[in-house]
Amino acid sequence: MDSSISSASDHESHSPPPKHFSHAEPSENGGTITDQLEPGEVQVIIEPGSDAAAGRRTGLELGPEAPSSPSSSGYVGERGSSGSDTSGSPIIPIAREIEEEMSNEVDDITLHGFSDSQTTWIPGKRHVDEDDASISWRKRKKHFFVLSHSGKPIYSRYGDKYKLAGFSATLHAVISFVESRGDSVKWLRAGKHQVVFLVKGPIYLVCISCTEEPYESLRGQLELIYGQILVILTKSVNRCFEKNPKFDMTPLLGGTDIVFSSLIHSFGWNPATFLHAYTCLPLAYATRQAAGAILQDIAYSGVLFAILMCRHKVISLVGAQKASLHPDDILLLANFVMSSESFRTSESFSPVCLPRYSPSAFLYAYIHYFDADTYLMLLTSSSDAFYHLKECRVRIEMVLLRSNVLSEVQRSLLDGGMHVGDLPPIAQSGLSQLGMHRHPSDSPERFLEPNSAIDSPSGLWHFIYFSIFLDQYVSSEFPSFIKTHQQQKRLYRAYQKLYASMHDNGIGHHKTQFRRDENYVLLCWVTQDFELYAAFDPLADKASAIKTCNRVVQWIKDVENEIFLLGASPFSW
Amino acid sequence: MPSRRRTLLKVIILGDSGVGKTSLMNQYVNKKFSNQYKATIGADFLTKEVQFEDRLFTLQIWDTAGQERFQSLGVAFYRGADCCVLVYDVNSMKSFDNLNNWREEFLIQASPSDPENFPFVVIGNKVDIDGGNSRVVSEKKARAWCASKGNIPYFETSAKEGINVEEAFQCIAKNALKSGEEEELYLPDTIDVGTSSQQRATGCEC
């Protein structure tokens with residue numbers, strides 16, 4: 001392996017605990033691209049107890065049986081976490097403040113025990129009876145609103161958007177007030193709440209959050225919500241507002257509440273929402289090739305994009321010559337398809353817009369589910385291509401069945417992805433670790449490891465590897481002790497914070513960051529080729545964490561044939 | 001079933017400061033009245049659900065500040081209004097004379113597609129004061145002005161006593177609803193692959 005080691009002085013800083021990541025190391029010395037990370041080049045940030053809220057949260061970890069259902073009458077039943085049972089455990093007064101901290105986004109409450117949270121989240125809009133006078137509404141940690149430039153409500157995550165019309169007008173007033181001074185408001189802070197604004201022509205989007213997520217993350221989430229609106233309506237909706245300022249777009253969005261609530265839910269479990277990359281279902285190279293070949297075949301016959309997916313993971317995708325698909329478009333399209341129940345019941349043909357590809361115009365998507373998880377999307381610009389695409393699908397289906405792709409997909413789904421417990425023991429440059437591992441590299445069974453006793457001997461709990469070149473990421477399976485949606489969301493938010501700090505242009509480009517708090521040790525490593533985000537036991541020491549990261553990178557290289565879609569289609573970015 | 005659909009109507013209340021815009025709104029929405037005068041800062045917003053001819057709809061009422069210093073917000077606030085309510089105090093000639101300015105200012109700023117037929121409603125408030133003895137604007141005069149502006153519906157109210165408020169807002173809702181009926185087919189473009197994919201190949205907006 002062509003690794004070179006860059007040397008930089010060790011900037012460990014133990015105190016005072018920095019609130020932000022400003023001590024991370026700029027990469028001016030990054031003339032050398034390292035494939036090997038050395039302890040000396042890792043910036044350390046330790047936060048002993050600086051995040052009081054996190055500390056308290058740790059102290060009051062709620063199990064799956066904790067009560068959850070919200071009520072506007074008081075604290076009992078206001079706590080979040082998982083479970084749907086309201087039979088309350090006694091709540092002592094001292095816990096009340098914590099309780100408030102805990103009163104999380106209550107729509108996420110029914111989750112526990114699965115690494116793919118999506119499977120257990122019950123979609124749909126919650127708490128429609130609430131309005132801005134409800135205590136429960138005011139306590140929700142993260143609100144999203146969409147309104148028109150005349151202040152008319154278009155969407156609200158919680159509560160009845162009509163009852164919230166007055167609130168919507170107030171948000172409009174804030175935006176207009178700043179605009180009337182020739183400026184625009186990005187965000188403002190009110191106590192522990194951050195209010196983030198995004199103005200997209202006649203459509204205003206607002207997030208009110210006390211989750212302490214960085215501004216960039218929340219703004220990115222608003223961008224995705226706007227993108228989801230475009231998927232359904234295209235940018236042509238602007239013309240309606242131009243022609244008629246009174247225009248009410250809610251009827252055009254009729255029945256799509258679930259698409260938005262599902263997207264918002266994914267902000268808490270899907271790293272694609274902040275990495276702007278997609279992920280693949282792990283499959284043997286030959287299996288993915290077989291799927292790719294038939295999709296490529298179809299693409300020659302006037303199909304713009306052919307995408308085969310399993311839940312939110314790509315099996316294979318192909319674009320017609322010179323057409324490229326942005327990962328955000330994959331995310332939004334998959335969310336649109338998966339959250340709309342009607343696509344599951346029969347083959348469908350629907351107008352959709354890919355905002356990153358062409359925001360002003362519709363494409364037509366032929367959508368067909370092969371089984372409960374696996375679905376095909378064929379995109380074309382021709383509105384009368386249904387029967388042609390149906391024939392294409394029949395051909396694809398035959399090939400997929402013949403080459404056992406669909407059964408391999410189901411098997412991969414059962415086996416899961418990469419388990420940190422399977423991390424090969426030692427990594428040395430240029431030496432493949434596969435020989436030491438228990439399974440040969442081309443066998444998907446490698447992913448089928450029972451990780452019963454100890455999940456992670458290396459202290460590594462979880463990682464996300466993002467290949468910049470491929471626009472793809474791979475995220476390891478969660479260990480058994482990070483099983484609730486709340487725990488997973490907390491980790492994703494920590495990654496998200498890390499991501500934002502590493503991509504903050506204001507403080508220069510960083511290469512590495514080592515961060516310790518009550519919950520984890522987090523290590524981030526950014527090179528020109530990849531970004532690695534890893535979470536360790538909070539007691540993990542730096543040197544061994546770094547060693548482990550090197551092993552992970554080597555491991556990824558060893559299995560990249562199976563976890564990534566490689567060179568299958570003419571991506572042009 | 002478009003007729004069963006819930007509709008939101010934006011109603012703007014305009015008039016000189018102190019004529020009782022906020023009181024009218026509070027009387028209508030909350031059935032409350034306070035003798036204490038509190039100037040509105042910028043704007044207040046209230047929501048009221050209304051049933052009308054078997055349809056449920058929501059009035060989003062924008063109670064704007066009468067003071068001139070807030071008028072810079074006009075364009076943004078008036079945008080997309082479904083009905084505009086002009087309020088004056090029957091005991092103040094100046095507030096009545098200013099109705100014309102308010103109306104014109106609204107039409108300029110909101111620039112509705114059909115200004116001739118934009119639904120206004122005029123309310124003469126505070127008819128209760130002094131048993132009507134301090135009144136300086138006669139009903140006849142007010143109605144004449146309304147007639148000259150395209151037969152604007154006219155109501156005389158007392159926000160304090162709750163007289164005629166419900167009726168006035170019923171009419172406001174009805175007129176707002178009338179103005180929002182037109183509907184068009186939503187037909188965005190379809191991609192022309194020949195040009196757009198080439199365009200995509202060179203640059204990407206991401």
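Structural remarks
- Sites matching GluC sites (Glu not before Pro) across the stretch B:19-104 that sit in DSSP coil, with at most 16 neighbouring C-beta atoms within 10 Å: B:Glu53
- Taking only the C-alpha atoms of the stretch B:2-58, the Rg (one decimal) and the largest Cα-Cα distance, Dmax (whole number), read 13.9, 44 Å.
- Note on the stretch B:2-202: with charges restricted to the Cβ of Lys and Arg (+1) and Asp and Glu (-1), its dipole about the Cα centre is near 480 debye.
- Of the chymotrypsin sites (Phe, Trp or Tyr not before Pro) found in the stretch A:218-300, those that fall in a DSSP loop while having at most 13 other beta-carbon atoms within 10 Å are A:Tyr300.
- Pairwise Cα inverse-distance average, inverted: Kirkwood Rh of the stretch A:278-414 (Å): 14.7
- Cross-link pairs exceeding 30 Å in C-alpha to C-alpha distance, out of A:Lys192/A:Lys547; B:Lys32/B:Lys94; A:Lys139/A:Lys313, comprise A:Lys192/A:Lys547; A:Lys139/A:Lys313.
- Taking a straight line from the alpha carbon of B:Lys174, these lysines sit under 18 Å away, with near neighbours fewer than eight places off in the same chain left out: A:Lys246, B:Lys10, B:Lys48.
- Column: log10 I(q)/I(0), Debye, Cα scatterers of the stretch B:2-202, q = 0.08, 0.12 Å⁻¹: -0.31, -0.61
- When only Cα pairs below 8 angstrom with a gap of at least 6 residues are kept, the stretch A:301-407 shows a relative contact order of 26 percent.
- Stokes-Einstein diffusion for the stretch A:135-269, with the hydrodynamic radius set to the Kirkwood value over Cα pairs and evaluated at 20 °C in a medium of 1.002 mPa s, equals 141 µm²/s.
- For the stretch B:83-93, 3J(HN,Hα) computed residue by residue from phi via the Karplus equation (6.51, -1.76, 1.60; θ = phi - 60°) reads 7, 10, 9, 9, 10, 9, 9, 5, 9, 9, 5 Hz, glycine and proline entered as x.
- Measuring nothing but protein heavy atoms, the accessible surface of the stretch A:278-414 at 1.4 Å probe radius is 54 percent carbon and sulfur.
- When the alpha carbon gyration tensor of the stretch A:212-329 is reduced to an equivalent ellipsoid, its three semi-axes come out at 31, 21, 12 angstrom, largest first.
- Rounded to the nearest 10 square angstrom, A:Ser480 shows an accessible area of 70 square angstrom against a 1.4 Å probe.
- Amide proton proximity set for B:Thr157, modelled H, under 5 Å, gap of 5+: B:Gly124, B:Asn125, B:Lys126, B:Val127
- For B:Ile129, B:Ile172, the ranking by accessible surface with the largest value first comes to B:Ile129, B:Ile172, using a 1.4 Å probe.
- For trypsin sites (Lys or Arg not before Pro), the sites in the stretch A:133-183 that DSSP calls loop and that have at most 14 other Cβ atoms within 10 Å are A:Arg181.
- Accessible area buried at the B-A interface, both sides summed, 1.4 Å probe (Å², nearest 100): 3600
The values are calculated or read from the model by the stated rules, or taken from the named source; none is laboratory data. Computed from a predicted model, the values in this text were never measured in an experiment. Methodologically, a virtual Cβ is constructed for each residue, glycine included, from the backbone with ideal geometry; neighbour enumeration extends over all protein chains shown. Accessible surface areas use protein heavy atoms only, side chains included; no ligands, DNA or RNA. Shrake-Rupley method; radii C 1.70, N 1.55, O 1.52, S 1.80 Å.
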